[in-house]
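Each remark here refers to the structure printed beneath this line.
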Amino acid sequence: MSQKSGRDLTEGPIFKHLMRFVVPMSVGISASMAVGLIDVFWLGKLGTREQAAVAFAVPISFMVFSVSIGLSAGAVAAISREVGKKDHSQVRRLATDALMLGVLITLAVTAIGIATARPLFALLGAKGDVLEMTVTFMSIWYLGLIFQVAPMIAAAILRSLGDAVLPSLVMITAAIVNVILDPI
């Protein structure tokens, strides 16, 4: 049971509980995906070399976000079980552990990513100006990674507590802020 919402997901109709999660999360994820389209629009205005530089980031970002999704899924599984048992002290401990593990892994990925960016992207085929732009872009991307991974894990924790609306609102807000900042 969520201490905030008072919802006990172990009782009541499953379909109703599923809809409480599916609808807000679908809207939030759709907003996040729409940001990708808007990013590409503005990136296209910079030029093809810039698009190529950012395109080199795609496989690395997918790998990093896959790890984040795995951490989030693990947090949901572990925390939800304790929520069902109504063991609030264990819920708090697991939530803290999940966030700390996410932060530690993100810091390690950031350090390794920055240290290996040039040889990795050269190995992937980036050359000349595109390699320089890719390394610059990825250095900034790695430094901002903590601001993507920590909220992802925090949102998973909130969902395990029965709250799908707040994480969705955060995703929508982040998408709006990104759309506003893109042209800048």
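The values are calculated or read from the model by the stated rules, or taken from the named source; none is laboratory data. On a predicted model such as this, the values are computed, not experimentally measured, just so you know. We place every Cβ from the backbone using ideal geometry, glycine too, and count neighbours over all the protein chains shown. Each accessible area value is taken on the protein alone, full model and side chains, heavy atoms only, with ligands, DNA and RNA left out. Shrake-Rupley method; radii C 1.70, N 1.55, O 1.52, S 1.80 Å.
For the stretch 4-48, taking Cα atoms only, Rg and Dmax work out to 17.9, 55 Å respectively. Rolling a 1.4 Å probe over the protein heavy atoms gives the stretch 8-93 an accessible area of 63 Å² per residue.
When the dipole is taken about the Cα centre of the stretch 14-102, and only Lys, Arg (+1) and Asp, Glu (-1) are charged at their Cβ, what size is it in debye, to the nearest 20?
Values: 9 positive and 5 negative charges, 71 e Å.
Value, rounded to 20: 340 debye.
With the simple spin-label model, which puts each label point 7 Å out from Cα in the Cβ direction, the Ile180 to Lys86 separation comes to 4.3 nm. Taking 0.36 nm per residue of sequence separation and removing the Cα-Cα distance, the Thr173/Ala115 pair yields an extension gain of 17.7 nm. Residues in the stretch 48-88, backbone N under 13 Å from the label point at Asp8 (7 Å along the Cα-to-beta-carbon vector): list them, ranges by number please. From the stretch 48-88, the list is 84-87.
Within the chain, the selection of entire DSSP H helices by a Cα span of 20 Å or greater along the long axis and an average Kyte-Doolittle value of at least -0.5 returns 14-46, 57-85, 88-123, 128-144, 146-160, 165-181.
How many percent of Cα pairs in the stretch 87-128 exceed 13 Å? Walk me through the intermediate numbers first.
Working: 563 of 861 pairs.
Cα-Cα pairs in the stretch 87-128 separated by more than 13 Å: 65 percent.
Per residue, the convex hull spanned by the Cα atoms of the stretch 1-146 measures out at 123 cubic angstrom.
Given the rule -39500 (n - 2.57) for each run of at least 4 DSSP H residues, summed and divided by the residues of the chain, what is its mean residue ellipticity at 222 nm, to the nearest 500 deg cm²/dmol?
On the way: 7 runs with 155 residues, N = 184.
Roughly -29500 deg cm²/dmol at 222 nm, from the helical runs in the chain.
Nonpolar atom fraction for the chain, defined as the carbon and sulfur part of the 1.4 Å probe accessible area, stands at 74 percent. Annotation: extensible slack from Gln148 through Met33 equals 40.0 nm (criterion: 0.36 nm per residue apart, minus Cα-Cα distance).
Three principal axis extents of the stretch 75-165 based on alpha-carbon atoms, in descending order, are 57, 24, 17 Å.
For the stretch 74-182, build the charge dipole from Cβ charges (+1 Lys, Arg; -1 Asp, Glu) around the Cα centre, then report which of Val135, Ile157, Val83 sits farthest towards its positive end. Looking along the dipole axis, the top candidate is Val83.
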